[in-house]
Amino acid sequence: MQQMEIHSYLKQFFMTTGCEIEKETEDYLTVQLTCEMDKMLMNRPFYWHYIEKTGGIPEPQKITFITNFSTEKNSVKGERIHFGSPRLQQIFHAAKKMGGFIRLYENQPGREGKHTALYPWLCLNLKISYICDRRKDFFRSLSMNLINGMIVDDFHRKLTDKNVPLVPKIPDFAFTFSPLFKPESGIRRIKQFVEQEILRDDHSWATEARKRRKKDMKLLDSFFEHTEEKPERYFVEKEVIFNQYEPKITVSIINGGLFYLSQKFLQMNKKKYNS
Amino acid sequence: MNVPIHFDETWEESFLTRVENDGPWSDWNIYNLALKAEKHLMIPSFEGLQAPKFLPELQPLPHQMEAARKVIERMNGKAILADEVGLGKTIEAGLILKEYMIRGLAKKVLILVPASLVTQWVAEMNGKFHIPAIAYRKNYSWEKTDVMVSSLDTAKRSPHREIILEQSYDFVIIDEAHKLKNHKTKNYEFVQNLKKKFCLLLTATPIQNKIEEIFNLVSLLKPGHLGTYEEFKEKYKKEKNRVNDDHLKELINKVMIRNRRKDTTIQWTKRHIETVLIDFSKEERELYDHIAGSRKQYGQIFNHTFSILTLEREACSSKEAVFVTLKNMLKNNKEPEKPLEKFIRTTMEKIEKIQINSKAEKALELIQSINDKVIIFTEYRATQLYLQWFLKQHGISSVPFSGGFRKGKKDWMKELFQKHARVFIATEAGGEGINLQFCNHIINFDLPWNPMRLEQRIGRVHRIGQKKDVIVYNFATKGTIEEHILKLLYEKIDLFERVIGELDDILTRLDICSLDEHFADIFTRSSSVGEMRVKMENLTAMIELAEKMKEAE
């Protein structure tokens, strides 16, 4: 993540969370936190507890984030933010906490007599991790049409690339089809889809991990070969080695939700994908 | 495929409740920001290092990056890091730990280090690596702390020991791991019983005395890698304290990283050594000759704890140093015998006649011509005080420093020097005290006996991070014992022109304890200059031999 990208990330984050950006240059931005964001980011539970108990007037803090420190003007005091700095991790964490569940409608108002029909989609943005003594993650964005069961891949990018206008409330003169598939069965189908896909993938990584484990186990056995009664250490070591290399796959949902979209979106994707 | 797939269920439950309750729903922007964050945090590949991306301010050196990659990709996170002194083993360890933490493979971490280094490790892990390490203190919980730093001595003691051995650690680091060379010790047994997936052992000297030492270290990491103890002993009994066998070398290299200075791409700045020979003033010469001449005359009256040689060396430094020693002699000897009393009285008289300190005058001249920060090392506290006063008379501000200061004071003095003073006057370079790479001029106002001490002095300045060549001025007074030390010992073994840490390696090959005794013997028990010379030549021959052994390796 480049410094410029971090800068715009911070700006978007604080604007979206209702914090006032008091000052902004190319190199830094000064933000007046809201009470909510202060509680989330500043880690001062005692202060907030005290204010709430005494009914005092809260004074949320103001922070300056320096995003370009190659040309840092020495007059500016603030926190230097880079990828990997604890503050940015904390903001990432806050964003994930607040951005988990969505429901939006395509902004296609109809007119009287010609109402827009919106189709329900269930979208899951997934992180798939292959874990042994090493690790690799994949991102997948899958969405199922809850009327006809079609599953569309790379859904999130398609939404954002096409700039589909989205609003939190159903637009005027529009109606939604009620889903034939319930959301929970949508989730189940997407999971099955992912599972099938994982099964088809190359898993030499797991085989290799098991080979490494076997090698270590063999050495351990040879070390205690001549010991009649194996000491406890042998069994402890064995268990540790087992766990160190044990391959597993986890699938976690980063975020997702319901999108009500017009026929247009469906047609765009019809040809390529079918579940 | 035979790998279990685990689906996270928590999101689903939360989501379905929201569907039922018609909300609350996230904002579209935040939804996108959350996704963006998660995508950036994903690990795109089994191989390679993610850590540098998270640590843009660290800038590790190429050999450090290489070491980290090797440990992770080829050694499965179990390794001995045995770089030579000064190449940054801590950085390598930090990089590796960070990598495992980023990948979510290490959460519960234990770092065991010498007590004197606990604070430094905590500071480095937090400051350089953003790893939230905590130093163990009373009543801190071993169970609840994710990344704990403690001394091995504390950890192995009851009741800590029992609690620690119950924990399952993902990652264990042990600094100064040569303390684990003997498999019969409590330290060894304790570390052996730790539950540890990934483990790093840090030491600059993986083998000091016996070949078994490396066996013991490796068996902590990977029992069986070098066979059983009996097999190993039988097979390699001929190898005394070095590894010659190619097969064994290969095996060891599978679990050990040893970077040598010459293999790294670091551009070490040079050392320029200037010997500055100084003439005594007439009065100083008289004091020195008086003391040196008393060796025969008063020889027998001095007891073992005191040597006339000490006074000789002090006379080369400052009259103040001599004066303090004489005063202490009187204090410890309430009723001195006649000849001693006479010696002290006559020496005092000589001291009183001295008006100037020729070395100090020379130092002043140098400092004024250098026009940059300068560090002066002296062996004597009295000289240190005098120099501070003397420089002040000439409008030069200086900071006194001694090895006995506490950590906080050391840091404060360093900062004072860096920001406000021209000269830093230190009596002791010793230990892991202080790093002064922002300065590149050193004056050795007097010379210590033991060349390691001198190397440590220079090492404070000539280390990673030093951008300029280091210039060392060695002061020695003509026609004195100092000139002998300089000519016979230091110049002969090219001490000064060596690269950082090289001497360290050479001297480790000799028995370091006896080395100190050697010097003491040469300088305090030689009855003549001739004897001293012979003994010194023997010693330099030994050092040269050790050097050849190293080269042959």
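Within region B:263-274, track down each residue that is touching a residue at least 40 places away in the same chain (Cβ under 8 Å) and surrounded by fewer than 16 Cβ atoms within 10 Å (Cβ to Cβ).
Once the filter is applied, which keeps residues that are touching a residue at least 40 places away in the same chain (Cβ under 8 Å) and surrounded by fewer than 16 Cβ atoms within 10 Å (Cβ to Cβ), region B:263-274 yields B:263, B:265, B:270, B:272, B:274.
Pairs please, first residue from region B:321-342 and surrounded by 13 or more Cβ atoms within 10 Å (Cβ to Cβ), second anywhere and among the hydroxyl-bearing types (Ser, Thr, Tyr) and part of a loop (DSSP other than H, G, I, E, B), Cβ atoms under 8 Å, 6+ apart in sequence or on different chains.
From region B:321-342, the pairs are B:321/B:380; B:324/B:380.
In region B:16-40, how many residues are in contact with a strand residue (DSSP E or B) (Cβ under 9 Å, 6 or more places away or on another chain) and either surrounded by fewer than 12 Cβ atoms within 10 Å (Cβ to Cβ) or more than 7 Å from chain A (Cβ to nearest Cβ) (or both)?
Within region B:16-40, residues that are in contact with a strand residue (DSSP E or B) (Cβ under 9 Å, 6 or more places away or on another chain) and either surrounded by fewer than 12 Cβ atoms within 10 Å (Cβ to Cβ) or more than 7 Å from chain A (Cβ to nearest Cβ) (or both) number 3.
Filter region B:183-236 for residues that are among the polar types (S, T, N, Q) and farther than 28 Å from residue B:94 by Cβ; which is farthest from the other protein chains (Cβ to nearest Cβ)?
B:209
Filter region A:181-197 down to residues that are β-branched (Val, Ile, Thr) and either within 9 Å of chain B (Cβ to nearest Cβ) or in contact with a Phe, Trp or Tyr (Cβ under 8 Å, 6 or more places away or on another chain) (or both), then give me how many there are.
Qualifying residue count for the region: 2.
Go through region B:167-200 and report how many residues are among the β-branched types (Val, Ile, Thr) and surrounded by fewer than 19 Cβ atoms within 10 Å (Cβ to Cβ).
1
Whether any residue in region B:322-329 is closer than 21 Å to residue B:470 by Cα and at pLDDT 90 or above is what I want to check.
Taking every residue of region B:322-329 in turn, none turns out to be closer than 21 Å to residue B:470 by Cα and at pLDDT 90 or above.
Residue under question is residue B:499, and the condition is that it be modelled with pLDDT of 80 or more, aliphatic (A, V, I, L, M) and assigned to a loop (DSSP other than H, G, I, E, B); does it hold?
When the stated conditions are applied, residue B:499 does not pass them.
Examine region B:126-137 for a residue that is away from chain A (no Cβ under 13 Å), in contact with a helix residue (DSSP H, G or I) (Cβ under 9 Å, 6 or more places away or on another chain) and farther than 29 Å from residue A:88 by Cα, and state whether such a residue exists.
no
If we scan region B:139-148, do we find a residue that is aliphatic (A, V, I, L, M), surrounded by 19 or more Cβ atoms within 10 Å (Cβ to Cβ) and assigned to a loop (DSSP other than H, G, I, E, B)?
No, region B:139-148 has no match at all.
Could you list, in sequence order, the residues of region A:131-143 that are within 17 Å of the chain's Cα centre (by Cα) and at the interface with chain B (Cβ under 9 Å from one of its Cβ atoms)?
A:136, A:137, A:138, A:139, A:141
How about region A:15-28: which of its residues are touching a strand residue (DSSP E or B) at 6+ places or on another chain (Cβ under 7 Å), outside any strand (DSSP E or B) and closer than 12 Å to residue A:60 by Cβ?
A:19
From the set of residues in region A:77-118 that are in contact with a strand residue (DSSP E or B) (Cβ under 6 Å, 6 or more places away or on another chain) and among the aromatic types (Phe, Trp, Tyr), which is farthest from residue A:251 (Cα to Cα)?
Step by step, filter region A:77-118, then rank; the result is A:105.
Across region A:90-136, which residue is nearest to residue A:203 (Cα to Cα) among those that are among the β-branched types (Val, Ile, Thr) and in a strand (DSSP E or B)?
A:131
Filtering region B:337-361 down to residues that are assigned to a loop (DSSP other than H, G, I, E, B) and of a type outside the set (S, T, N, Q), which residue is farthest from residue B:476 (Cα to Cα)?
That would be B:337.
Tell me which of these residue A:107 doesn't satisfy, since it passes every other one: (1) more than 14 Å from chain B (Cβ to nearest Cβ); (2) modelled with pLDDT under 95.
It fails just one condition, (1).
Going residue by residue through region A:229-246, is there one that turns out to be under 30 Å from residue B:222 (Cβ atoms), in contact with a Phe, Trp or Tyr (Cβ under 8 Å, 6 or more places away or on another chain) and either facing chain B (nearest Cβ under 7 Å) or among the β-branched types (Val, Ile, Thr) (or both)?
Yes, region A:229-246 contains a residue that is under 30 Å from residue B:222 (Cβ atoms), in contact with a Phe, Trp or Tyr (Cβ under 8 Å, 6 or more places away or on another chain) and either facing chain B (nearest Cβ under 7 Å) or among the β-branched types (Val, Ile, Thr) (or both).
Within region A:31-47, how many residues are assigned to a strand (DSSP E or B) and either surrounded by 17 or more Cβ atoms within 10 Å (Cβ to Cβ) or in contact (Cβ under 8 Å) with a residue 60 or more places away in the chain (or both)?
1
Which of the following residues is within 10 Å of chain B (Cβ to nearest Cβ), touching a residue at least 24 places away in the same chain (Cβ under 8 Å), of a type in the set (Lys, Arg) and out of contact with any His (no Cβ under 9 Å at 6 or more places or on another chain): A:200, A:212?
A:212
If a residue must be out of contact with any Ser or Thr (no Cβ under 8 Å at 6 or more places or on another chain), of a type in the set (Asp, Glu), surrounded by 11 or more Cβ atoms within 10 Å (Cβ to Cβ) and not in a helix (DSSP H, G or I), how many such residues does region A:201-235 contain?
1
Answer yes or no as to whether residue B:110 is within 21 Å of residue B:204 (Cα to Cα), in contact (Cβ under 8 Å) with a residue 40 or more places away in the chain and not polar (S, T, N, Q).
Answer is yes for this residue.
Among the residues of region A:229-258, what is the count of those that are out of contact with any helix residue (DSSP H, G or I) (no Cβ under 8 Å at 6 or more places or on another chain) and polar (S, T, N, Q)?
Residues that pass the stated criteria total 2.
At pLDDT below 95 and closer than 27 Å to residue B:169 by Cβ: which single residue out of A:178, A:222, A:262, A:252 fits that description?
Answer to the selection: A:222.
The values are calculated or read from the model by the stated rules, or taken from the named source; none is laboratory data. Note that the coordinates shown come from a computational prediction; the quantities given were computed from them, not determined experimentally. Please note: Cβ atoms are built from the backbone with ideal geometry, for glycine as well, and neighbour counts cover all protein chains shown.
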